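Throughout, read-outs are computed from the coordinates displayed, never taken from laboratory work. Bear in mind that the values here come from a model prediction, so they are computed numbers and not experimental data. Quick reminder, even Gly has a Cβ in these numbers, built from the backbone with ideal geometry, and neighbours come from all protein chains shown.
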Amino acid sequence: MDYIPAFASPIFVGVTVAVFGFLFYAASRGFDGRKNPMILLACTFLALLLVTALLAHRGFFQDFVSKPPRLMIFVIPTFLVMIRLLVYGRSRAVLMKMPVTTLTYIHIVRIPVELCLWWLYRVGLVAQEMTFEGANFDIIAGISAPFAGVFLVGKKNSHRWAAIGWHLICLGLVLNIVIRAVALTPYFYDGSGSELQNLAVFEFPFVWLPTFVVPAVIFSHLTALLVLFKKTE
């Protein structure tokens, strides 16, 4: 993809590393610093990132005819694991120890993500509908995240119901663009509406958006809501 701005790919790699760091730190607090589960978690994250990167580099995800859709082979299991972690008793106990501040600040990464999507739109790899020039307002979550971290969940400023409201609204923002993004992939695109499809996510490093970054963002919201609602009981 030589026509992509040279800075877009390294910036997105940086976003992925940042998300990895935020999640790893939150998990370390949940596991009380125990080494074995943290090593397992790190290996799992790295394996997912490495495998998807290699497959994207080889064009594996660009086969839009195979069933099931090849990208979904990684996306769907990730979300199923996420759901299990949220509903299973022992894993919920770990999630409840994760710091809400970290699960809030992580959403700052949505600013560079939205900038990358806009750059990709400018070169014809993403539909305008997926950017802040279209129907994607997710950048609002990124801009407001540091304020939510300081004034809603910070140690000196804890406003649980306001924090719950913020997480619910921002969860709605990411779900809005996820639904639109899926509809604009070659798997489901029906030719109506936008003239452009969502093609960038089948290439490296942007394949990490649906396989790692978006699940991490949604997981962070759901975990934060789990903790915040529990504290209001």
> Among [x] 14.1; [y] 12.1; [z] 13.0, which one is mean projected area of the Cα convex hull in nm² computed from these coordinates?
Replying inline: [z]
>> Assuming a strict under-21 Å limit between Cα atoms, what lysine pair count do you get for the stretch 8-232 once near-sequence pairs (fewer than 8 apart, same chain) are dropped?
In response: 9
> In degrees between 0 and 90, to the nearest 10, how far off the longest principal axis of the chain does helix 72-87 point, with axes built from Cα atoms?
Replying inline: 10
>> Only Cα pairs within less than 10 Å get springs; with that Gaussian network setup on the chain, which residue of 52, 211, 44 has the largest fluctuation?
In response: 44
> What's the exposure ranking of 155, 230, 97, going from fewest to most Cβ atoms within 10 Å?
Replying inline: 155, 230, 97
> Check residue 153: other-chain or 5+ apart residues with amide H under 5 Å from its amide H, H built from backbone geometry?
Replying inline: 159
>> Taking the number of other C-beta atoms within 10 Å as the exposure measure, put 58, 110, 92 in order starting with the fewest.
In response: 58, 92, 110
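Within 13 Å, Cβ to Cβ, of residue 51, how many net charges do the neighbouring residues add up to if Lys/Arg are +1 and Asp/Glu are -1?
Numbers: positive: 58, 70; negative: none.
Neighbour charge sum, excluding residue 51 itself: +2.
Relative contact order for the stretch 8-232 using alpha-carbon pairs under 8 Å, separation at least 6, rounded to a whole percent?
Relative CO of the stretch 8-232 lands at 29 percent.
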> Highest GNM mean-square fluctuation, the chain, Cα pairs closer than 10 Å: which of 25, 88, 121?
Replying inline: 88
>> Given the options 185, 134, 46, identify the residue whose Cα lies farthest towards the positive end of the charge dipole of the stretch 8-232 (+1 on Cβ of Lys, Arg; -1 on Cβ of Asp, Glu).
In response: 46
> Taking the chain as a Gaussian network, where each spring joins two C-alpha atoms under 10 Å apart, which residue of 36, 198, 176 fluctuates the most?
Replying inline: 36
> Near residue 139, within a Cβ-to-Cβ distance under 14 Å, what is the net charge of the other residues, with Lys and Arg +1 and Asp and Glu -1?
Replying inline: -2
> Using the alpha-carbon atoms, what tilt in degrees (0 to 90, nearest 10) does helix 35-57 show relative to the longest principal axis of the chain?
Replying inline: 10
>> Quick check: residue separation of residue 64 and residue 158 times 0.36 nm, minus the Cα distance between them. What number comes out in nm?
In response: 29.1 nm
> Nearest 10 degrees, 0 to 90: what angle lies between the long axis of helix 139-151 and the longest principal axis of the chain (Cα atoms)?
Replying inline: 10
> With each pseudo-label sitting 7 Å past Cα toward Cβ, what's the residue 123-residue 7 distance in nm, one decimal?
Replying inline: 1.4
> What is the order of 223, 185, fewest Cβ neighbours within 10 Å to most?
Replying inline: 185, 223
